[in-house]
Amino acid sequence: MHQGFINSEVAVRNTLVIGLFLGGLLMSTTAGLAQQTAPATPATTPDAAPADDPNEVICKAGAPVVGSRFPTARQCHTRKEWDQIRRDSQEALQQQQMERSYNTGGK
C-alpha cells in the first residue's frame, strides 16, 4: 500500500515536470516567433494617406447586442465624422451629468 502511494506521488511529480517543460517550450517558441516578425512600418508610397487625414474612411464594429452571438453591422465614417461623433457623445454625457447634479442639489 505504501508502494502505491509513492508511485502515484512520482507520477504526479513527473506530470508536473512535463507540464513545466512543455509550458517553457511553448513560451520560448512564441517569444522566438514574436522576435522574427518584422515590425510594422508605415507605408512610404506617395499614394499613402497621412495618419491625420480627415477624409480617411475608418470602419468600426457596431455596438454588441446583449444576448446575441451575431455580429453587428460595421459602421464606416470618415475620421472627421468619427471625431464629431465622439465630441457629441462627450457633450451629451456631460449634459446628463450636469442635469443630474442640478436636479439632486449636488448630492
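The values are calculated or read from the model by the stated rules, or taken from the named source; none is laboratory data. In this text the structure is predicted, and so the values were computed from the model without any measurement. Note that each Cβ is placed from the backbone with ideal geometry, even for glycine, and that neighbours are counted across all protein chains shown.
Suppose we filter D88, D53 for residues that are part of a loop (DSSP other than H, G, I, E, B), at pLDDT 65 or above and more than 23 Å from the chain's Cα centre (by Cα); which single one remains? Break it down stepwise before answering.
Details: D88 fails: part of a loop (DSSP other than H, G, I, E, B).
Result of the check over D88, D53: D53.
For segment 62-83, the criterion of a residue being on the phi > 0 side of the Ramachandran plot, more than 22 Å from the chain's Cα centre (by Cα) and surrounded by fewer than 10 Cβ atoms within 10 Å (Cβ to Cβ) is satisfied by no position.
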